[in-house]
Amino acid sequence: MRALLFALISLSVSSSMAVTRGQYLGMQMIINIASVSYDGTVDGSPQELFLAMDRPEQDSILGRGKALEAPQKVLNFICAKKGENNYQCSIYIHKSNVARIGPGKAHFEVRGAEAQALFAQFHSEQGLFTYKDEAQTFAIHATPERFVMWYDESGI
């Protein structure tokens, strides 16, 4: 009985603290990065990503925010400001020849003109843009030649 109670408490604590979550839907992976979790934990990751995007603000499905323009219809990437210090990013990666997705994992990679188009939509230093969320489950590594995103719920 004690072991079962401990397992249930551990599971509820770990899921309530998760601010970056992935949801595998077969043909797409949805990665959500939120500033505030259910238990009140604050994560600066989505605000950092929002500020890194070199895109104009516009209305989106998440509210007022920024969206990447992806050359192929294999990526939807939106970050929005929901309120004071409250940001949310939703990244939809669609299964394709440039995206491998599965339960708990996603990998998106483009090169050449497609990489350049995505890279240009982020503020970068010396031809490099890197990002990793506080949960250490989502990352971006981009140059004008190569744009890569990873998600692994076990950590990257």
Q.
When you check LEU25 against the structure, is it of a type outside the set (Lys, Arg), surrounded by 10 or more Cβ atoms within 10 Å (Cβ to Cβ) and either within 28 Å of GLY127 (Cα to Cα) or at pLDDT 80 or above (or both), yes or no?
A. yes
Q. Which one of these is in contact (Cβ under 8 Å) with a residue 24 or more places away in the chain, touching a strand residue (DSSP E or B) at 6+ places or on another chain (Cβ under 9 Å) and farther than 15 Å from PRO71 by Cα: GLY112, GLY102?
A. GLY102
**Q.** Residue list for the stretch 115-139, restricted to those being in contact with a helix residue (DSSP H, G or I) (Cβ under 9 Å, 6 or more places away or on another chain), without any contact (Cβ under 8 Å) to a residue 24 or more places away in the chain and surrounded by 15 or more Cβ atoms within 10 Å (Cβ to Cβ)
**A.** SER124
Q.
Restricting to the stretch 94-129, name every residue that is part of a strand (DSSP E or B), at pLDDT 95 or above and within 22 Å of LEU51 (Cβ to Cβ).
A. PHE108, PHE122, LEU128, PHE129
Q) Filter the stretch 43-74 for residues that are touching a helix residue (DSSP H, G or I) at 6+ places or on another chain (Cβ under 9 Å) and not basic (Lys, Arg); which is surrounded by the most Cβ atoms within 10 Å (Cβ to Cβ)? A) GLY65
Q: Hey, can you tell me all the residues within the stretch 93-104 that are surrounded by fewer than 17 Cβ atoms within 10 Å (Cβ to Cβ) and either under 13 Å from MET149 (Cα atoms) or in contact with a Pro (Cβ under 9 Å, 6 or more places away or on another chain) (or both)?
A: ARG100
Q. Just for the stretch 75-92: of the residues that are surrounded by fewer than 15 Cβ atoms within 10 Å (Cβ to Cβ) and touching a residue at least 24 places away in the same chain (Cβ under 8 Å), which one is farthest from SER37 (Cα to Cα)?
A. ASN85
Q: Go over the candidates SER35, SER60 one by one and state the one that is hydroxyl-bearing (Ser, Thr, Tyr) and closer than 24 Å to ILE156 by Cα.
A: SER35
(Q) Suppose we filter THR130, THR137 for residues that are of a type in the set (S, T, N, Q) and under 14 Å from ASN32 (Cα atoms); which single one remains? (A) THR137
(Q) Just to check your reading of the model, which residue among TYR87, TYR38 is aromatic (Phe, Trp, Tyr) and either closer than 18 Å to MET149 by Cα or not in a loop (DSSP other than H, G, I, E, B) (or both)? (A) TYR87
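The values are calculated or read from the model by the stated rules, or taken from the named source; none is laboratory data. On a predicted model such as this, the values are computed, not experimentally measured, just so you know. Methodologically, a virtual Cβ is constructed for each residue, glycine included, from the backbone with ideal geometry; neighbour enumeration extends over all protein chains shown.
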